[in-house]
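What follows is a set of notes on a single structure, which appears directly below.
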Amino acid sequence: MYLLSYTRRPIDNIYYDPRLAYSMHLAVSPDMKHFKALNHNSGILFGKATENADGSLNPKALKKPYILKEEDGFEIIALRTGGDGETDPEIYNNIMAILEDGEGDDHESAYTPVRYRTKDFLIYSAPEVISPEEYVNEVSKAGRLAVWSVLSDTRLSGIEDIEGAVPCCVIEIDGSIGDHLIRKFTTPVNIGISFPDSITVSSVEDLKEYRAVASYSDGTTALKSIDWNLERVDFDTAGEYTLSGRVHQEHFEFPFAMNRADPCFALWNGKYYFIATNDSDEYHTLLIRESETLAGLKEADERLILDTETYDGIGGLLWAPEFHEVNGKLCIFHACTPGEFFYEESHVMILKDGGDPVVREDWSAPKRIVKPDGTDLCEAGKEITLDMTVFYWQGEYYAVWSQRRYLPKDLGGWLYIAKLNPEKPWMLDSDPVVLSKPDLGWANNHTFVEQGAFALPVENRLFLTFSGAAVDTSYTIGLLQIEKDKDLLNSKNWRKTTYPLLTSRSIPGEFGTGHNAYLFDKDGTIWNSYYARPGADAPRSTGIRRVHFDTDGEPVLDMTEDMDVNPIFSIVKTRLTVKAPADGSGDFGGEIKK
């Protein structure tokens, strides 16, 4: 199998601008004649920003990404450029210093590429003063690999089928590596659904415990409940039946709710709730919906929970409300300002004991989040905080939020993390530390921002998705993760995925996807809520989609309903034996909900 490394030609600042196009893209081919673009023809490795003494960042992009085979994986070497593909001013200054010292005699050959060492595409970087072509030539002479230049190899074809492709190189790879890349960077699709040929139960409750197994193109599976046709089944009498049913699938057409951004769903005391930023009134109200079912939230009435007139100090810009349980209490974390934008700060409201979430009087007045000593998170008027999320992990509550210093210099939005006091949810329980900065090209496109984080704990890993770039068509969802038993307050323990999980190229017709949250429903299914625009210039609107987990156990956020369950596999049949209740419980020989 063959692996193509390429960049793309920029389109414009709406659909695929330079900071996205000048990144390493990958495509695979069995014969070097027909190449299939991976990851929706989007970048997989992006330029990493450099940092100044004051913490501000200098955006970078990359060109000429060469992939080199190593014994322990791969090495990628690429030419580092400025954020929009221009000559990197930092490199140019280095070159001038070399020339002035008499150590170099050719400006053009003194480029500084960025080298990435990778195993399974976990990528790190370090600079070296050498051109990509010179480096590739050196290692080729040493017999370490074979690299073909696409531009000079007449055997290559089919690249013109990849929109905007600017080829760099092709290498031959083992079929197993190619298969893994395809599984990793192609959205899984349903290829079959299985269920036992016969089952024995003693009640309808026993039957509900059985799940079908849906198989996917990447080798993963998911358990599915079934809507059975039980018209002719008598669970009070022993007997045998031919039983059929349809795999259950919730239907959520996009948009779920127009003019609702930063959505968050919750399950509390057996009912479902929905809250979001209200774009329709310029962020002056927070409205909540309640329903017995998740699907019922779409048409449920909205009830006013908070406005900008009731409380002193709670003015405009009611942003990003999130439901979180803290120490048995339901809370809504959100941001607001008494007036000016530069005073936007994170707050929390707490539902009183026994309170009704849709009754505004049952919620406390918003309380500003403070540090352990009671001081403010930041200097009001110069710095803002927003998008605070809360989660419980290994016996501790944590808060993550976005904080941005505007004055005297805009440093961009950074993610911070701290422990949260469970007895006083408005107070941190440790000093804040910087978790992540928008240092990759997709996260600093149009502006330097990382925000909108939300946690997804799964077994021995904690995933933390977040949004990067401007809240336009550039908006994306990225991923941080950390393993169990590691210190969450040490940013070095977290791993950031080099590419975004959800972008404007993931789902046709959905632009600027971002600011997501997760919900575990009554069946244990995990849902991802997010917002996107149903058109490049359309309003921000809520979407919801099932979360799948890929071949590496990482979340997949772009699996549409038809990919999740193919209708041709959705009908399930089995031979049902009903035991008389006196015979005891059912014999669960098939897949059972865990």
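The values are calculated or read from the model by the stated rules, or taken from the named source; none is laboratory data. Quick caveat: nothing in here was measured; it's all calculated off a predicted structure. Glycine gets a Cβ as well: all are built from the backbone with ideal geometry, and neighbour counts include every protein chain shown.
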Yes or no: E344 among the acidic types (D, E), in the same structural domain as Q403 (by TED's automatic domain parsing), surrounded by 20 or more Cβ atoms within 10 Å (Cβ to Cβ) and in contact (Cβ under 8 Å) with a residue 24 or more places away in the chain? yes
Per the filter on segment 303-325, residues over 27 Å from the mean Cα position of the chain (by Cα), under 24 Å from F252 (Cβ atoms) and crowded, with 19+ Cβ neighbours inside 10 Å are I305
Failed condition for D552, given (1) in contact with a strand residue (DSSP E or B) (Cβ under 9 Å, 6 or more places away or on another chain); (2) surrounded by fewer than 19 Cβ atoms within 10 Å (Cβ to Cβ); (3) of a type outside the set (A, V, I, L, M, F, W, C): (1)
Scan segment 23-80 residue by residue and report those that are touching a Cys at 6+ places or on another chain (Cβ under 7 Å) and not basic (K, R). P65, Y66, I67
Any chance you could count how many residues in segment 206-244 are within 30 Å of R183 (Cα to Cα), outside any loop (DSSP other than H, G, I, E, B) and either touching a residue at least 12 places away in the same chain (Cβ under 8 Å) or in the same structural domain as L287 (by TED's automatic domain parsing) (or both)? 10
Are any residues in segment 426-453 on the phi > 0 side of the Ramachandran plot and either free of Cβ contacts under 8 Å to residues at least 12 places away in the same chain or surrounded by 24 or more Cβ atoms within 10 Å (Cβ to Cβ) (or both), and if so, which ones? G452
Exclusive hit being outside the structural domain of S217 (by TED's automatic domain parsing), more than 30 Å from N58 (Cβ to Cβ) and in contact (Cβ under 8 Å) with a residue 40 or more places away in the chain, set L488, L480, L456: L456
Filter the strands (runs of 3 or more DSSP E) completely within segment 485-549 down to those with at least 3 residues that are within 14 Å of L464 (Cα to Cα) and of a type in the set (D, E, K, R). none
When the residues of segment 183-203 are narrowed to those that are more than 17 Å from R575 (Cβ to Cβ) and out of contact with any strand residue (DSSP E or B) (no Cβ under 6 Å at 6 or more places or on another chain), which ends up surrounded by the most Cβ atoms within 10 Å (Cβ to Cβ)? F185
Filter pass, S364 being of a type in the set (G, A, S) and closer than 24 Å to N421 by Cα: yes
Flagged in segment 22-39 as under 27 Å from D12 (Cα atoms) and basic (K, R), in numbering order, are K36
Scan segment 1-19 and report the pairs whose first residue is within 11 Å of A61 (Cβ to Cβ) and whose second residue is part of a strand (DSSP E or B) and β-branched (V, I, T), with Cβ atoms within less than 6 Å and a gap of 6+ or a chain change. T7/V166
Report the residue count in segment 159-176 for those that are more than 28 Å from N566 (Cβ to Cβ) and crowded, with 16+ Cβ neighbours inside 10 Å. 9
Test L297 against the stated conditions and say whether it is surrounded by 18 or more Cβ atoms within 10 Å (Cβ to Cβ) and either assigned to a strand (DSSP E or B) or aromatic (F, W, Y) (or both). no
Within segment 507-517, residues surrounded by 21 or more Cβ atoms within 10 Å (Cβ to Cβ) and under 16 Å from P555 (Cβ atoms) come out as T513, G514, H515, N516, A517
Out of the residues in segment 49-68 that are assigned to a loop (DSSP other than H, G, I, E, B) and without any contact (Cβ under 8 Å) to a residue 60 or more places away in the chain, state the one that is surrounded by the most Cβ atoms within 10 Å (Cβ to Cβ). N52
Take segment 279-293 and flag every residue that is touching a Lys or Arg at 6+ places or on another chain (Cβ under 7 Å) and either surrounded by fewer than 16 Cβ atoms within 10 Å (Cβ to Cβ) or part of a loop (DSSP other than H, G, I, E, B) (or both). E292
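Yes/no matrix, rows are residues, columns are (1) buried (at least 24 other Cβ atoms within 10 Å of the Cβ); (2) β-branched (V, I, T); (3) within 21 Å of the chain's Cα centre (by Cα); (4) assigned by TED's automatic domain parsing to the domain that holds E510:
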position: P10; (1), (2), (3), (4): no, no, no, no
position: M24; (1), (2), (3), (4): yes, no, yes, no
position: D31; (1), (2), (3), (4): no, no, no, no
position: N39; (1), (2), (3), (4): no, no, yes, no
position: S42; (1), (2), (3), (4): no, no, yes, no
Requiring at least 2 residues that are more than 21 Å from H334 (Cα to Cα), the strands (runs of 3 or more DSSP E) wholly within segment 362-459 are 450-458
I need the full set of residues from segment 303-356 which are part of a strand (DSSP E or B) and of a type in the set (S, T, N, Q), in order please. S346
Here are some residues: I544, I526. Which one is of a type in the set (A, V, I, L, M, F, W, C), over 16 Å from S217 (Cβ atoms) and surrounded by 17 or more Cβ atoms within 10 Å (Cβ to Cβ)? I544
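This table checks each residue for (1) without any contact (Cβ under 8 Å) to a residue 12 or more places away in the chain; (2) of a type outside the set (A, V, I, L, M, F, W, C).
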{"site": "E325", "(1), (2)": "no, yes"}
{"site": "T337", "(1), (2)": "no, yes"}
{"site": "V348", "(1), (2)": "no, no"}
{"site": "D362", "(1), (2)": "yes, yes"}
{"site": "G374", "(1), (2)": "no, yes"}
{"site": "E383", "(1), (2)": "no, yes"}
{"site": "R404", "(1), (2)": "no, yes"}
Taking only pairs six or more apart or across chains, which ones have beta-carbon atoms under 6 Å, a first residue in segment 21-48 that is in contact (Cβ under 8 Å) with a residue 60 or more places away in the chain and at positive phi, and a second residue that is in a loop (DSSP other than H, G, I, E, B) and small (G, A, S)? H40/S506
Please determine whether any residue of segment 220-242 is in contact with a Pro (Cβ under 7 Å, 6 or more places away or on another chain), on the phi < 0 side of the Ramachandran plot and among the hydroxyl-bearing types (S, T, Y). yes
Being out of contact with any His (no Cβ under 7 Å at 6 or more places or on another chain) and at pLDDT below 95: is that true of L68 here? yes
Could you say which residue among T503, T498, T473 is at pLDDT below 95, over 21 Å from Q403 (Cα atoms), crowded, with 21+ Cβ neighbours inside 10 Å and of a type in the set (V, I, T)? T498
